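The values are calculated or read from the model by the stated rules, or taken from the named source; none is laboratory data. On a predicted model such as this, the values are computed, not experimentally measured, just so you know. Glycine gets a Cβ as well: all are built from the backbone with ideal geometry, and neighbour counts include every protein chain shown.
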Amino acid sequence: MRAAVVHTFGEPPRYQDHAEPTPGPGEVVAEVRAAALHNLTRGVAAGRHYSAAGGPPLIPGVDGVGVLSDGRRVMFGGLPHPWGTMAERVAVRPEATWPVPDGLDDTTAAALFNAGMGPWMALALRARLARGERVAILGATGVTGQLAVQIAKELGAGHVVAVGRNEAVLDTLEALGADEVVAFTEPDETLVASLRAAFEGGVDVVVDMLWGKPAEAAIRAIVGRPYAAEAPRVRFVQMGEMAGPTVSLPAGALRSSGLEILGSGLGSVAMRRIVTEVAPPMFAAAARGALRIAVRAVPLADVESAWDAPQGGVRTVFVP
């Protein structure tokens with residue numbers, strides 16, 4: 001079969017011949033129809049992500065859409081190293097697959113899964129968002145951030161503050177459900193002041209895809225309130241590090257506030273819960289038009305040239 005193969009960490013994969021997958025006990029072969037390129041895929045393929053299990057050569061891709069031998073169209077993931085989804089065929093475990101609704105095409109489903117799974121899991125399972133609560137999205141102008149705004153509204157958020165760097169995209173987020181937007185191209189102190197103003201009406205949940213300086217600014221905007229009353233509970237859900245892998249977190253920020261820091265990612269939620277509690281409602285919402293994502297379909301044969309190409313707010317999906 002043909003597949004994308006990473007030979008050296010940090011270099012784009014090459015499109016070439018590769019051995020067919022050999023199903024293990026309980027596994028079946030699926031014909032791959034679409035596999036998305038996203039930050040998790042890049043991180044694993046570069047050996048940077050904590051879930052990376054071994055070195056090259058390896059086939060990149062952590063999730064995809066395909067067809068089983070009985071004709072069922074499914075989403076799948078959880079393939080063992082060195083096998084990935086950017087190939088013509090993969091061996092999958094049936095318990096790690098779930099149906100794709102008829103109203104959702106292959107490339108949209110593949111693009112949506114990782115981009116939508118993260119914020120859906122963060123909001124519904126980690127933060128346990130309640131209807132009417134106020135939500136802030138840090139990193140709202142990326143592909144995942146735009147979906148996070150929509151998902152927050154889909155799950156019942158009463159007020160959504162979208163925080164991001166791309167001002168052109170910020171201007172479009174009200175159409176996706178944002179009630180307020182904040183640009184973080186400002187100096188640190190100005191950003192803290194802008195976030196404090198945005199949080200004046202309260203914030204119950206912060207979904208952070210950035211970490212680094214933007215997360216520090218958001219935490220400073222949350223803490224430091226008068227001590228006359230018990231500080232309100234704020235669930236700060238960390239799910240990405242696009243602005244840096246570390247933050248400076250003063251101990252007093254936790255002691256003087258109702259701030260609770262939670263992680264959301266691979267390992268924080270069991271795969272069975274993703275299969276049963278995240279994927280079905282998320283795909284159903286997308287199939288009825290409640291979630292939108294911009295997709296660029298690219299032949300898998302062009303993987304080497306497309307791997308590092310600018311995304312521009314559009315999710316690249318490789319099609320074998």
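Quick check on this structure: which one of 90, 74 is touching a residue at least 40 places away in the same chain (Cβ under 8 Å), in contact with a Ser or Thr (Cβ under 6 Å, 6 or more places away or on another chain) and in a strand (DSSP E or B)? Walk me through how you get there before you give the answer.
Values: 90 fails: in contact with a Ser or Thr (Cβ under 6 Å, 6 or more places away or on another chain).
When all the criteria are applied, what remains is 74.
On the given criteria, is residue 199 in contact with a helix residue (DSSP H, G or I) (Cβ under 6 Å, 6 or more places away or on another chain) and closer than 21 Å to residue 145 by Cβ?
Working: in contact with a helix residue (DSSP H, G or I) (Cβ under 6 Å, 6 or more places away or on another chain): yes; closer than 21 Å to residue 145 by Cβ: yes.
Criteria met by residue 199.
Scanning the range 294-320 for residues that are in a loop (DSSP other than H, G, I, E, B), aliphatic (A, V, I, L, M) and touching a helix residue (DSSP H, G or I) at 6+ places or on another chain (Cβ under 9 Å) returns 294, 314.
Just a yes or no: is a residue in the range 48-66 buried (at least 16 other Cβ atoms within 10 Å of the Cβ) and of a type in the set (Lys, Arg)? Reasoning before the result, please.
Taking the range 48-66 and keeping what is buried (at least 16 other Cβ atoms within 10 Å of the Cβ), we get 49, 56, 58-66.
Of the ones still in play, those that are also of a type in the set (Lys, Arg) are none.
No, the conditions are met nowhere in the range 48-66.
So which residues in the range 55-71 are in a loop (DSSP other than H, G, I, E, B), more than 26 Å from residue 282 (Cα to Cα), in contact with a Gly (Cβ under 9 Å, 6 or more places away or on another chain) and not β-branched (Val, Ile, Thr), if there are any at all? Spell out the reasoning first.
Filtering the range 55-71 down to residues in a loop (DSSP other than H, G, I, E, B) leaves 55-57, 59-62, 68-71.
Now drop any that are not more than 26 Å from residue 282 (Cα to Cα), which leaves 55-57, 59.
Right, trim to in contact with a Gly (Cβ under 9 Å, 6 or more places away or on another chain) and you get 55-56, 59.
Selection gives 55, 56.
Counting only helices (runs of 4 or more DSSP H) that sit wholly inside the range 105-187, those with at least 1 residues that are touching a residue at least 60 places away in the same chain (Cβ under 8 Å), crowded, with 24+ Cβ neighbours inside 10 Å and not aromatic (Phe, Trp, Tyr) are 106-120, 143-154. Against the definition (of a type in the set (Ser, Thr, Tyr), free of Cβ contacts under 8 Å to residues at least 60 places away in the same chain and either farther than 21 Å from residue 299 by Cα or not in a loop (DSSP other than H, G, I, E, B) (or both)), how does residue 8 come out, yes or no? In short, yes.
If you take the residues of the range 226-276 that are part of a helix (DSSP H, G or I) and assigned by TED's automatic domain parsing to the domain that holds residue 200, which of them is surrounded by the most Cβ atoms within 10 Å (Cβ to Cβ)? Step by step, filter the range 226-276, then rank; the result is 253.
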